[in-house]
Amino acid sequence: MFPLRFANNSYFFSGSFEEDLNNSLCPILIDPGWQNSLLAEKLLTLQSDLGPSGFLNLRAEVQKDKQSFWLATSGSTGEPKLILKSMSQLEKEIDFWLNETSPVAFLIHENLLIHLTVPLCFIFGLIWGFLIPRKLKLPVSTETSKFPPNSCLITVPAILQNLVQAGSPLPSFIITSGSKLQLQLTREIRNLGKSKVIEIYGSTETGAMGFRDPLWKSRFTLLPRVEAETNREDLLRVKSPWVSEYSHLGTQLTEDGFFQTQDLGDLNETGWNLTGRADRIIKRNGKRISLDQIESLYSEAKICKEIAVVSVNDVEDNPTIHLFFSALPGKTKEDLASFAKIEIPPSHQPQQIYEIESLPKLPNGKTDYENLKQIARKQLLGAFGFRKSEEDLLLPWETYLKNIVQSMVSQAKSDKNVVDAFAFSNAHLIEDLGLDSLRWHALILAIEKKLGYGIPVEERNTAFFLTINGILEYLNQIESV
């Protein structure tokens, strides 16, 4: 049985992590923010039955390296996944970074104080905030209000941007990862002229793939032991000693040993130019549009403190673009709209612009795009017109759900027999309604209205929400707690 650890920083600094590894326990390291969620309950179940079947077959793989562990990640998609890592794999990557020709050789020669803003249960935080400082015997602090001379900040772009916009003095060295630094932010840091910045490109699955000095370079230099190529869709494929072969679902590699990323860009002899992710590309009026590119275009306005763009489908399944931003002092939503009329092509302009105090963040520091999508969908649902009366809320769950689904499907299907068969047949998935469609999210909102609280994203992403019977099982479980 693999022990489940809600791995806060004290779990690592107290020696508990090494103790688990030395005892060959292969712990499952979970973000403490997931505690008390249905996802955590499902992971606890995995401890006893080791399901799904792919997970069961990985016990032999774990035994190959006694110092193995699982990292739980939601990556950029919000979809939970367990990745099998090993200390020998991480040590190979660390050996690359800690040599005289490394872009971070200053770690070896400078007597640095490491300032950590990233949880250690994430691969970037674990390597740069714990394993490397421990190997070099460098002190670690979580203080970010001031940086003594010879400080190195381990951070993510969102936190770095907040420091710059707050006018906080920056440290001598900055190592960042998690998402690509926006051009406007790199210009501001360069103009300050005080910091050396190294941006690491990689993921939990791949480990580090490349690096760049974002103040002067747009392309990432791939690491010497990383073999890379692109497929027909210009998505990057990589092979290296620190790519993880297994997730809890089984092997992640193709037959030729490559890991297929969802990162889009162009690769040539000078490096890899990351332009976005495949799941951040939409088709609008037959044209491919990158949501990441829209963010980059609007960031040029010097109006936004933070900016994020999402796309959700309307009732007719056409993509709609929604832009969220927090304004710099003295700037307004009208300023952004005026900038867009002149500088942004019509194809890249959003249907809705929302000004908010700050963007929601995932525990790993990345923008919580799923949260923003929910806000956008609720805006669209206002036009959808689906409402439930107070009397409906008193109905038993089975009747309540049946009425909701029949109401929705009848708008698209005129044959009532088809509607009845759809609504409560285990053979039909909610997917028939259009999984991740506006109608599906209207169903979720109706359930939340009767519950009286929101259902966490990680719970909505479980198999419970693929069928009506699954939803009923989920509701029975939470009401029996």
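The values are calculated or read from the model by the stated rules, or taken from the named source; none is laboratory data. Note that this is a predicted model, so its numbers are computed, not measured. Methodologically, a virtual Cβ is constructed for each residue, glycine included, from the backbone with ideal geometry; neighbour enumeration extends over all protein chains shown. We work out accessible area using only protein heavy atoms, side chains counted, and drop any ligands, DNA or RNA first. Shrake-Rupley method; radii C 1.70, N 1.55, O 1.52, S 1.80 Å.
The GluC sites (Glu not before Pro) of the range 202-243 meeting both criteria, a DSSP state outside H, G, I, E and B (loop) and at most 11 other C-beta atoms within 10 angstrom of the site's C-beta, are GLU233. Look at the Cα gyration tensor of the range 150-291: its axes a ≥ b ≥ c give a/c of at least 1.5 with a/b over b/c, and that counts as prolate. For the range 148-273, the dipole from Cβ point charges (+1 on Lys and Arg, -1 on Asp and Glu) about the Cα centre works out to 700 debye, to the nearest 20. Take 463-475, 239-251, 338-350 and order them by the average number of nearby Cβ atoms within 10 Å per residue, most first; the result is 239-251, 463-475, 338-350. Is there a pair in LYS194/LYS302; LYS239/LYS287; LYS81/LYS239 whose C-alpha atoms are over 24 Å apart, and which pairs would that be? Over 24 Å Cα-Cα: LYS239/LYS287.
Note on the range 299-340: Rg/Rh from C-alpha atoms, Kirkwood Rh, equals 1.09. Apply the a/c threshold of 1.5 to the C-alpha gyration tensor of the range 100-219 and tell me whether it is rounded, prolate or oblate. Since a/c stays below 1.5, the shape of the range 100-219 is classed as rounded.
Under a 5 Å amide H cut-off, with hydrogens placed 1.01 Å from N, ASP368 pairs with LYS361, LEU362 among residues at least 5 apart or on other chains.
Pairs spanning more than 19 Å between alpha-carbon atoms, out of LYS283/LYS366; LYS180/LYS283; LYS305/LYS361: LYS283/LYS366; LYS180/LYS283.
Pairs of alpha carbons in the range 149-210 separated by more than 14 Å make up 55% of all such pairs. Ranked by the mean number of other Cβ atoms within 10 Å per residue, highest first, peptides 196-202, 296-302 order as 196-202, 296-302.
Taking a probe of 1.4 Å, how large is the accessible area per residue of the range 116-268, in Å²? Counting only protein heavy atoms, the per-residue value for the range 116-268 is 42 Å².
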